[in-house]
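Everything below concerns the one structure shown next.
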Amino acid sequence: MNKTDKMNKINLKEEAVHGTVKFPLAVYRYEGEGEFEVKLHWHEETEIIYLKKGRFCMDINMQKYRIHSPALFFVGSGDIHGLYGEKGCEESAVVFDMKMLSFEHYDSVQYQMISPLLKRTVQFPGAVTETDGAWEELVGLYGKMLAESVRETPEARMRVKAYLLQILACLYENRKFVHMGDHADYDGKKIENIKKVLGFIQGNYGRRITNQDMAAVLQMNPQYFCRYFKKATGKTPTEYINEVRVEKAAEYLYRTDRKIIDIALECGYDNIGYFIKRFKEEKGMLPSEYRKSQNNATNGQNG
């Protein structure tokens, strides 16, 4: 169940399967020398992120947080989020389907705690740091859950579920959950609008995309749309489109032997020189160098 590779979450609506049908929970870790980045995306699952070492920038529902570790971040189902960590950072994440914690027999716990989270009428608190009174209990439970997640036995999985429920109980006891009706800053419509636009970009990155195309998705004036998008995401539409295209190109470079010019065309670049420039700006190296570095890394793991 453990995966030591970087999380590849560039797709806005993430298509990755977390865990299995039998046990819908997966653990991800990053302990690298370089910078760490997870692009803006969202998924139906809930996610608990432990920022263990280093400094991070976290985006959740268009709110930016600059965090010095250690800290725990809670990402609810459907939340748009992204993460950047400086060199030498360490982090891990548990991604799970909240429905796995539902009770077959409906009781007060289901009514007061599980159902509101499933219906999204209650929001997770965002960040919890070591200055918080609940920190020691929460980080302790998270560590135990991570240790058990390595094993795939029924008893280990039972303990994982038990620790998740204890984490929810701790959050509830310390009044960390936020009722959406009381949270004036939470703009659900704006978040859904951004999801629509980023989803449109993901589906059309291989062709020319204009501001008019994206504005039409939300039935907005193109100039207003550009300001709206930049304010919501911190990036211009063009910047985000290039990020998506470069990530797709990087995936092709790693997974296939196709010519670089063909990959550029596939990813929406009809000018190979511009593609190489943008790729180097994003990845810090030329496409050919990136392919070689990824192949060397793979061969080193297999050796």
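The values are calculated or read from the model by the stated rules, or taken from the named source; none is laboratory data. Please read these numbers as outputs of a predicted model, since none were measured by experiment. We place every Cβ from the backbone using ideal geometry, glycine too, and count neighbours over all the protein chains shown.
Numbers for the structure displayed
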| read-out | value |
| --- | --- |
| Total residues in segment 79-115, condition over 19 Å from Lys161 (Cβ atoms) and either touching a Pro at 6+ places or on another chain (Cβ under 8 Å) or part of a loop (DSSP other than H, G, I, E, B) (or both) | 6 |
| Scan of segment 133-162 for residues that are under 24 Å from the mean Cα position of the chain (by Cα) and outside any helix (DSSP H, G or I), ordered by number | Val150 |
| Segment 189-210 residues that are within 18 Å of Ala249 (Cα to Cα), paired with ones that are among the aromatic types (Phe, Trp, Tyr) and in a helix (DSSP H, G or I) (beta carbon under 9 Å, 6 or more apart) | Leu198/Tyr240; Ile201/Tyr240; Ile209/Phe200 |
| Hey, Ile167 at pLDDT 90 or above, part of a helix (DSSP H, G or I) and under 30 Å from Leu25 (Cα atoms) or not | yes |
| Per-region count, segment 19-40, residues touching a Leu at 6+ places or on another chain (Cβ under 8 Å) and either of a type in the set (Lys, Arg) or under 24 Å from Met285 (Cβ atoms) (or both) | 4 |
| Segment 234-246, subset charged (D, E, K, R) and without any contact (Cβ under 8 Å) to a residue 40 or more places away in the chain, residue farthest from Lys64 (Cα to Cα) | Glu239 |
| Qualifying residue in segment 24-34 (condition: within 20 Å of Arg151 (Cα to Cα), surrounded by 15 or more Cβ atoms within 10 Å (Cβ to Cβ), charged (D, E, K, R) and in contact (Cβ under 8 Å) with a residue 60 or more places away in the chain) | yes |
| Conditions (1) without any contact (Cβ under 8 Å) to a residue 60 or more places away in the chain; (2) outside the structural domain of Tyr240 (by TED's automatic domain parsing); (3) surrounded by 15 or more Cβ atoms within 10 Å (Cβ to Cβ): number failed by Gly143 | (3) |
| Any hit, segment 239-250, residues being touching an Asp or Glu at 6+ places or on another chain (Cβ under 6 Å) and not assigned by TED's automatic domain parsing to the domain that holds Glu37 | yes |
| All positions within segment 73-95 that are over 10 Å from the mean Cα position of the chain (by Cα) and not hydrophobic (A, V, I, L, M, F, W, C) | Gly76, Ser77, Gly78, Tyr84, Gly85, Glu86, Lys87, Gly88, Glu90, Glu91, Ser92 |
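Every residue, every condition in (1) free of Cβ contacts under 8 Å to residues at least 24 places away in the same chain; (2) closer than 24 Å to Gln63 by Cα, yes or no:
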position: Ala215; (1), (2): yes, yes
position: Pro222; (1), (2): yes, yes
position: Arg227; (1), (2): yes, yes
position: Ala232; (1), (2): no, yes
position: Lys248; (1), (2): no, no
position: Leu253; (1), (2): no, no
position: Ile261; (1), (2): yes, no
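Residue-wise test of (1) at pLDDT 90 or above; (2) more than 25 Å from the chain's Cα centre (by Cα).
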residue	(1), (2)
Asp187	no, no
Asn193	no, no
Gln202	no, no
Asp213	yes, yes
Ala216	yes, yes
Met220	yes, yes
Lys231	no, no
Ile241	yes, no
Ile263	yes, yes
